[in-house]
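Working notes for the structure below.
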Amino acid sequence: MSGTSRDAQPTAPAEPMSAALRDKLVADAATIMARYPRKRSALLPMLHLVQAEQGFVTAEGIALCAELLELSTAEVSAVVTFYTMYKRRPVGRYHVGVCTNTLCAVMGGDAIFGRLCEHLGIGNDETTDDGAITLERVECNAACDYAPVLMVNWEFFDNQTPASATDLVDRLRAGAQVTATRGARVASFTEIERLLAGFDDGRADEGPSAGPATLRGVEAASKTGWRLETSSGEESR
Amino acid sequence: MTAQLSPVLTRLYGVDRSWTREVYEAHQGYVGLRAALRHTPEEVIQLVKDSGLRGRGGAGFPTGMKWGFIPQGDGAPHYLVVNADESEPGTCKDIPLMMANPHELVEGVIITAYAIRANHAFIYVRGEVAHVYRRVLSAVNEAYRAGYVGPDVLGSGFELQITVHAGAGAYICGEETALLDSLEGRRGQPRLRPPFPAVAGLYGSPTVINNVESIASVPSIMRNGPAWFSAMGTEKSKGMTIYSLSGHVTRPGQYEAPLGVTLRELLEVAGGVREGHELKFWTPGGSSTPILTAEHLDVPLDYEAVGAVGSMLGTKALQIFDETTCVVRAVARWSEFYAHESCGKCTPCREGTYWYVQIFERLENGEGSEDDLDKLLDLSDNIFGRAFCALGDGATSPVTSSIHYFRDEFIAHVRGGGCPFDPAASTVFAMAGSSSELGANP
């Protein structure tokens, strides 16, 4: 990795964890641990849970995970620093990830990232002063047929341009309700982290079945006429 | 000739509420599960062997054979782990599949778990796709409520629990043993093999790890029979699969076709390379598969034929780049990716990818020399076959193949004092014309 290593930076200070929050985390952690035959498997979702409550992985959050899973804080920290989704400094309400892996970069991701840096006055892995936006270059997010792509709190924003991206961050900063181009209404960073800890937010029915690029194969097939699954009959067209 | 498309996994794409159990069941959903439960687990494994299904995650290992390695009657718990950590650059097939048709995956999980006698299955979804995670979680919960999953699957006496697990951002976790370490709550670093996961996998128990598309192909085999499946494809590469076209193509997207279709045929359906441009290079299956050029347009896209021209079928992620793209810039960025994602466990990969990045920076800044090409190839020799896992080998693919096909372009960077390409010309909005769209380019 070129540039300054984030791993070299210590975990940011945080508000002390209240007793009520601690109780809530302990209860939710028990729910997570029950999903696995061995409780250490709960560590990744529990770290998502800590981010859901505290906005990033705090030193107290690490200590609590270590205590509940009977690990050392060093063992937990080693995991935290390995995965890019775990943040050790506060993240804005909206995490904006611009794909700058090769295909998206070539298709315009570099231009989008450059424009957003200029527009927001921040660089990679930095947060705007109003706490609204954290900007990050992300690796391939498996939406290459929609390049260039950016993610807001891990929801898809497909086929972006520098203009659409600046408009998007302006709307987010203004507090407007924004919906993914392919997915759900954008929730806060902490709400998404709770989802990723395995707590269903009941919003699977939002958004479409698929986006336009996803559909191009079936659309082309329906024009040419296709016959499949004929051995059991029912499905042939 | 135009590609004969064959939507099976993609047949529900775009159907209203396609992600729900109700709609899935209206399209033969869970018919395959009922068929499978009428067989013994051994018979189910044999049916999948007979179908010729091979792993769709890149390696192409026969799926039924992998299942057959699980010891039967050993008394130990068995596990099924679905690799839904789709992160290989260019690869975008499993994510839309899980968004539109998650029940096909869930049904496949149940059948597979039954076949290998696993009572607990895990779906490891990369964390960076919130809505896909929602859809999979919701589908699993629906399957529990319908009695497809739980203490007594459809009254068969078979017990199954499914856990949907979110990753946290690490490409290496797509490597199956790194995924297991990650699922055990550790850093995602690959394990030494042997022992293979079939013997000692998750928690040291016999474990099958399969890609999403492999597992999602199983219900169609159960409901239509192995002969139906193996009638599609080529001699050793059977069945249908999802080809993902991206980049400088008129209609990028997901095209499901029998194995063995060619890029020329797929491009015909997809409207060709973007108007006014021509194909320069492409990947057959993600950035870890050596790049190919226009001379390979008629290579059948199956495991054998792509291998025969020095690349790999991989994930069938066809990234198309036209003549506006600088191959050095493209490979430099992939090298940065591998350096970023190298887990650090082994020296060849950790140090080799680091030096790739340094050398590419020199070349792009016009500070490189022709010796740098030899240095890149020498580094590649020292990574390939010497790294602990396939990530290292994969990192060398774009480097060695791009120097093989485009040595002159590397030399031009040396002699011309940097990159001769205008990055704005390769963007999708370059054609739109508006200068306000061009933004800041490096």
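Of all the residues that make up the range B:175-193, how many are within 11 Å of another protein chain (Cβ to nearest Cβ), in contact (Cβ under 8 Å) with a residue 60 or more places away in the chain and out of contact with any Lys or Arg (no Cβ under 6 Å at 6 or more places or on another chain)?
5
For the range B:1-10, give me each residue that is surrounded by 22 or more Cβ atoms within 10 Å (Cβ to Cβ) and either modelled with pLDDT of 95 or more or at the interface with another protein chain (Cβ under 8 Å from one of its Cβ atoms) (or both). Let's see the steps before the verdict.
We begin by selecting, within the range B:1-10, every residue surrounded by 22 or more Cβ atoms within 10 Å (Cβ to Cβ); these are B:3, B:5-10.
Correct list: B:L5, B:S6, B:P7, B:V8, B:L9, B:T10.
Considering only residues that are in contact (Cβ under 8 Å) with a residue 24 or more places away in the chain and over 24 Å from the mean Cα position of the chain (by Cα), look in the range B:33-46 and name the one that is nearest to B:I95 (Cα to Cα).
Ranking the candidates gives B:L33 first.
Residues B:A139, B:A115: which one is in contact (Cβ under 8 Å) with a residue 40 or more places away in the chain, within 13 Å of chain A (Cβ to nearest Cβ), part of a helix (DSSP H, G or I) and touching a Pro at 6+ places or on another chain (Cβ under 6 Å)?
Exactly one residue qualifies, and that residue is B:A139.
Any idea which of A:G97, A:G92 is under 30 Å from A:C65 (Cα atoms), touching a residue at least 40 places away in the same chain (Cβ under 8 Å), more than 7 Å from chain B (Cβ to nearest Cβ) and in a loop (DSSP other than H, G, I, E, B)?
Working: A:G97 fails: in a loop (DSSP other than H, G, I, E, B).
When all the criteria are applied, what remains is A:G92.
Which one of these is within 12 Å of chain A (Cβ to nearest Cβ) and within 28 Å of A:C99 (Cα to Cα): B:Y24, B:Y13, B:Y79?
On the way: B:Y24 fails: within 28 Å of A:C99 (Cα to Cα); B:Y79 fails: within 28 Å of A:C99 (Cα to Cα).
Being within 12 Å of chain A (Cβ to nearest Cβ) and within 28 Å of A:C99 (Cα to Cα) holds for just one of B:Y24, B:Y13, B:Y79, which is B:Y13.
Given the conditions (1) part of a helix (DSSP H, G or I); (2) at negative phi, and given that B:L154 satisfies all but one, which numbered condition is not satisfied?
Among (1) part of a helix (DSSP H, G or I); (2) at negative phi, the lone unmet condition for B:L154 is (2).
In the set B:G155, B:G60, B:G90, which member is without any contact (Cβ under 8 Å) to a residue 60 or more places away in the chain and not hydroxyl-bearing (S, T, Y)?
None of the others qualify; the one that does is B:G155.
Every residue, every condition in (1) surrounded by fewer than 24 Cβ atoms within 10 Å (Cβ to Cβ); (2) under 22 Å from the mean Cα position of the chain (by Cα), yes or no:
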site	(1), (2)
B:G167	no, yes
B:G174	no, yes
B:G185	yes, no
B:G188	no, yes
B:R193	yes, yes
B:A198	yes, yes
B:G204	yes, no
B:A216	no, yes
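Being surrounded by fewer than 22 Cβ atoms within 10 Å (Cβ to Cβ) and among the aliphatic types (A, V, I, L, M) is true for just one of B:V261, B:V249, B:V269, B:V299. Which residue is that?
Answer to the check: B:V299.
Does B:Y338 satisfy the condition of being over 30 Å from B:I242 (Cβ atoms), buried (at least 21 other Cβ atoms within 10 Å of the Cβ) and not hydrophobic (A, V, I, L, M, F, W, C)?
Details: over 30 Å from B:I242 (Cβ atoms): no; buried (at least 21 other Cβ atoms within 10 Å of the Cβ): yes; not hydrophobic (A, V, I, L, M, F, W, C): yes.
So B:Y338 does not fit the description; no.
I'm checking my understanding of the structure. Among residues of the range B:218-232 that are surrounded by 24 or more Cβ atoms within 10 Å (Cβ to Cβ) and out of contact with any Lys or Arg (no Cβ under 7 Å at 6 or more places or on another chain), which one is nearest to the other protein chains (Cβ to nearest Cβ)?
In this case the residue turns out to be B:N224.
Under 25 Å from B:I123 (Cβ atoms), more than 12 Å from every other protein chain (Cβ to nearest Cβ) and not in a loop (DSSP other than H, G, I, E, B): does that describe A:A30?
yes
The values are calculated or read from the model by the stated rules, or taken from the named source; none is laboratory data. Here the structure is a predicted model, which means the values were calculated and not measured. Here the Cβ is made from the backbone with ideal geometry for all residues, glycine too, and neighbour counts use every protein chain on show.
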